[in-house]
1. Looking at the stretch 121-132, can you tell me whether even one residue there is within 11 Å of the chain's Cα centre (by Cα), more than 22 Å from residue 51 (Cβ to Cβ) and without any contact (Cβ under 8 Å) to a residue 60 or more places away in the chain?
2. What is the residue count in the stretch 91-112 for residues that are of a type in the set (D, E, K, R) and within 13 Å of the chain's Cα centre (by Cα)?
3. Which of the numbered conditions does residue 73 fail, given that it passes all the others? Conditions: (1) open to solvent by 20 Å² or more (accessible area, probe 1.4 Å); (2) more than 30 Å from residue 49 (Cα to Cα); (3) in contact (Cβ under 8 Å) with a residue 60 or more places away in the chain; (4) not in a helix (DSSP H, G or I).
4. Go through the stretch 127-167 and count every residue that is among the hydroxyl-bearing types (Ser, Thr, Tyr), outside any strand (DSSP E or B) and open to solvent by 50 Å² or more (accessible area, probe 1.4 Å).
Amino acid sequence: MLISSHFVRPFLILLLLGLGGCASLPKDAGDDAVRLSLAIETLSPMVDPLEARRVAELLTRESLRLAETYRSVGPAWLQNVLVNSGFRERGLCYHWVNDLLTALESDEYRSLVFYRGGYAVGTFKEHNTLVIAPYGSSFEEGLVVDAWRYQGRLHWVRVVGDELDWEELLPASIKP
């Protein structure tokens, strides 16, 4: 017996919308901020540890807040489906980057610069992310910080050490 698509589509839509309430704030988010701070510090001896900690705490806190604001669901591709079909207003990877960069603009940084990074730009696989680098360093010497991949839980890896081939997207953003 075949089920009519007339009944399946509304069921799937309700199921997807119901998943939006399943997210909760992780209890170990403070550990994420500490680990991210250390990763930022190890980029260069010129990175101010207090600045690295401030950035890590802000990004950790803000990415979790954005996850709630976007009513983000996982896996990340599902959030994209919801946004692209009009069930969510925001939550695509470039939304995360734009909003995190806006949050970073509220302070001044002397030892760090921030970039927009892109992978597979112009293709259906395109992905955008934030990249943090020591002041005076290139994009390639930075750290990819991705909030989209795990719906607000930050993922980070060095640009050069990542499996994805990142490129700098213009305009570059916050520089001292």
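1. yes
2. 1
3. All conditions are met except number (1).
4. Step one: filter the stretch 127-167 for residues among the hydroxyl-bearing types (Ser, Thr, Tyr), giving 129, 135, 137-138, 150.
Retained after the next criterion (residues that are outside any strand (DSSP E or B)): 135, 137-138.
Checking the rest, the ones that are also open to solvent by 50 Å² or more (accessible area, probe 1.4 Å) come to 135.
Summing the residues that are among the hydroxyl-bearing types (Ser, Thr, Tyr), outside any strand (DSSP E or B) and open to solvent by 50 Å² or more (accessible area, probe 1.4 Å) in the stretch 127-167 gives 1.
The values are calculated or read from the model by the stated rules, or taken from the named source; none is laboratory data. Small disclaimer: the values here were computed from a predicted structure and weren't measured. Cβ atoms come from the backbone with ideal geometry, glycine included; neighbour counts cover every protein chain shown. Ligands, DNA and RNA are excluded from the accessible area calculation, which covers all protein heavy atoms including side chains. Shrake-Rupley method; radii C 1.70, N 1.55, O 1.52, S 1.80 Å.
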